[in-house]
Structure formats: C-alpha cells, structure tokens
Amino acid sequence: QVQLVESGGGLVQAGGSLRLSCTASGRSFSTYVMGWFRQAPGKEREFVAYITGGGNPGHVESVKDRFTISRDNARNMVYLQMNSLKPEGTAVYYCAARRYGGSYVSALGYNYWGQGTQVTVSS
C-alpha cells in the first residue's frame, strides 16, 4: 500500500516556474514507477511524466524541454520541475505510483494516486 501527497501547486504567471513535490509513504518506494498526470477542467486526465525506480524518465512531448521529473528514493520523494509554464498547463496535477511492467504513460496502470494539487497559469 502506498499513500501519496502532492504539494507545491499555486498561481503563477505564464513563463514562470513551479516545483511540485510528492511524498510517498509505505515500503519499497524504489520498486515503484512514479508518474505525474494532470487534468484540466472538462478534459480527461493526461500523462505528463514518469520515472522508474532507477531514475530513467519519460515525458510527454509537449513538456519535454520545459518539465523535469526526478526522485529521491532515500526520502520517498518525487518531483516535477516545471519551467516556462503556459496557460494551457492550468490543471490539477496528480502524483501516481505503479509496479513495473506495461505502459507507463497510461493512467490505467497506476494503482495509487494522490489527491492532486492545483496549478493555475495566468496569461
């Protein structure tokens, strides 16, 4: 069982930066693939980034040059550094965890989710 709590969301102007954090409780954190997803009003939840236990990342193409996912296995933490934010990045951002195997970009494979943190980017 894994419990996830996100933090770091807020209001930022276009072009600004935010760093989201996700704290995980439970055992064997390093054995989980961690993901960040986001959901804008009226839209489906979409993949943003994932990182394996060994630190190998993957990002959706639209954020590849602006967002960076990282993790600290010793602290049970995963981060999403978001730079050059755009208004279309306004959404609730969710941290998620899953075991290895299958597609890491699909929300369906993630078993554990945080409550989400709101990110609002003003133009």
* **Cβ-Cβ under 7 Å pairs, at least 6 apart or on other chains, the range 13-30 side on the phi > 0 side of the Ramachandran plot and in contact (Cβ under 8 Å) with a residue 12 or more places away in the chain, far side outside any loop (DSSP other than H, G, I, E, B) and open to solvent by 40 Å² or more (accessible area, probe 1.4 Å)** => GLY26/GLN3
* Structure fact -> Among the residues of the range 1-31, the number that are part of a loop (DSSP other than H, G, I, E, B) and either open to solvent by 30 Å² or more (accessible area, probe 1.4 Å) or at pLDDT 95 or above (or both) is 10
* Structure fact -> When the range 84-100 is checked residue by residue, the ones that are farther than 26 Å from GLN3 by Cβ, touching a residue at least 60 places away in the same chain (Cβ under 8 Å) and charged (D, E, K, R) are LYS86
* To do: Check the range 38-45 and report whether any residue there is out of contact with any Gly (no Cβ under 9 Å at 6 or more places or on another chain) and open to solvent by less than 20 Å² (accessible area, probe 1.4 Å).
  => no
* Asked: Going by the structure shown, is VAL78 in contact with a Cys (Cβ under 7 Å, 6 or more places away or on another chain) and either in a strand (DSSP E or B) or under 16 Å from ARG19 (Cα atoms) (or both)?
  -> yes
* Asked: For ALA74, all conditions in the list (1) under 23 Å from GLN115 (Cβ atoms); (2) without any contact (Cβ under 8 Å) to a residue 40 or more places away in the chain; (3) among the hydrophobic types (A, V, I, L, M, F, W, C) hold save one; what is the number of the exception?
  -> (1)
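How many residues are of a type in the set (Gly, Ala, Ser) and open to solvent by less than 30 Å² (accessible area, probe 1.4 Å) if we restrict to the range 69-106?
Number of matching residues: 4.
The values are calculated or read from the model by the stated rules, or taken from the named source; none is laboratory data. No experiment lies behind these values; they were computed from the predicted model shown. Cβ sites come from the backbone with ideal geometry, for glycine too, and all protein chains shown count toward neighbours. Note: areas computed on protein heavy atoms with side chains; ligands, DNA, RNA excluded. Shrake-Rupley method; radii C 1.70, N 1.55, O 1.52, S 1.80 Å.
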